[in-house]
1. In degrees, nearest 10, range 0 to 90: what is the angle between the Cα axis of helix 96-107 and the longest Cα principal axis of the chain?
2. So, counting K/R as plus one and D/E as minus one, what does the shell of residues with Cβ under 13 Å around Ser113 add up to?
3. Between the DSSP loop rule and a limit of at most 12 other Cβ atoms within 10 Å, which trypsin sites (Lys or Arg not before Pro) in region 72-145 are left?
4. For Ser166 and Ser236 in one chain, what is 0.36 nm times their gap in residues minus the Cα-Cα distance, to one decimal in nm?
5. Rounded if a/c is under 1.5, else prolate if a/b is larger than b/c, else oblate: which is region 144-255, with a ≥ b ≥ c the root eigenvalues of its Cα gyration tensor?
6. Assuming a ≥ b ≥ c are the square roots of the Cα gyration tensor eigenvalues, decide whether the chain counts as rounded (a/c under 1.5), prolate (otherwise, with a/b larger than b/c) or oblate.
7. For region 111-175, just say rounded, prolate or oblate: build the C-alpha gyration tensor, square-root its eigenvalues into a ≥ b ≥ c, call rounded for a/c under 1.5, and beyond that prolate if a/b exceeds b/c, oblate if not.
8. Mind checking which of His265, His63, His122 has the largest fluctuation in a GNM of the chain, springs on alpha carbons under 10 Å?
Amino acid sequence: MLLTLLRLNISQHSGIDEEVAVAAEGSTRAVVAAMLANGGLAVAKFIGYGITGSSSMLAEAVHSVADTSNQGLLLLGMRTSKRVASQQHPFGYGRDRYFYSFIVALLLFSLGSVFALYEGIHKLESSEALTSPLVAVVILVVGLVLESFSLRTAVLESAKVKGDASWWQFIRQATTPELPVVLLEDIGALLGLVLALGGVGFSVLTGDPIWDAFGTIGIGLLLGVIAIILIIETKSLLIGEGARPAELRVITDALVGGEVQRVIHIKTQYVGPDELLVAAKIAVAASLPSADVVRAIDEAESRVRDAVPQARMIYLEPDLDRTPSEAPAR
């Protein structure tokens, strides 16, 4: 009679970390570049606000402070996620990166969007004139240059891991949260600077400070949209996402072969950006000796790891290939 066996093999195949290392290194580089740019810009923008009184400049200063804090949280998440698995957390701490990315999205919404909207509405009511607007223009232009370099770094590092997917697909489907977060933050920062520059510029040209208020409100709406996108995507990762359809097909195809006749059912879940859990029930012949079942499981695990390096944890349960009427109720 066929013995029902459950096997777990978490040994790493030689060389499977190459793609993971590229993504991790790229994420760190993009986050550090963004943090340095935003930290310097936050100081410059607060100085500019103190001189000019521009609400757009204040909104951008708070935006830069939020972004700098966000990048610090992303780096913290990348560090804490490397902790060794414990009895309380047997699958490790990979989801720390999802948690801190979710906090980043919330901070971007609360500190960035809500504050900018409040400041813009306040400016509409007070209509305070700008002083020394040239200072604001200079700071904003320098900010555009620095943020462009930060965005360029994020784009280059993201391009290494996004493959043939479109940029929108990359943002929606990436399991490494830092790159999409930094990418959207940098895009938001650049567009925010353009809105702030437009608000200050039109206020100077028309002599009406209401344009500065409109620019501030535009920044708030922009950050709100970006924050909502990030909240939706990081929440999905945080509660658990399975393998993408293409990955799932590759895994299923890799499991079948040798003594494995077919995959009866399979479930997957990312327990971290580079750690995929695979649990499957596979069909083998009823007459197969138990030693051959063990060998078949080992071979199936090896094929999956060769095909999908992120599949670090694989649980396979052999079973008879019953017809639907013969299958036991689950």
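Values quoted throughout were computed directly from the atomic coordinates according to the rules given, and no laboratory measurement underlies them. Being a predicted model, the structure only gives us computed values, none of them experimental. Every residue, glycine among them, receives a Cβ derived from its backbone with ideal geometry; neighbour counts consider all protein chains shown.
1. Relative to the chain, helix 96-107 is tipped by roughly 30 degrees.
2. Details: positive: none; negative: Glu60, Asp67, Glu119, Glu185.
Once positives and negatives cancel, what remains is -4.
3. Arg83
4. Numbers: separation 70, 0.36 × 70 = 25.20 nm, distance 1.95 nm.
Going from the current span to full extension adds 23.2 nm.
5. Values: a/c = 4.36, a/b = 2.49, b/c = 1.75.
The shape class here is prolate.
6. Numbers: a/c = 3.58, a/b = 3.08, b/c = 1.16.
Prolate, since a/c reaches 1.5 and a/b exceeds b/c.
7. Details: a/c = 5.07, a/b = 1.94, b/c = 2.61.
Since a/c reaches 1.5 but b/c is at least a/b, the shape of region 111-175 is classed as oblate.
8. Largest GNM mean-square fluctuation: His265.
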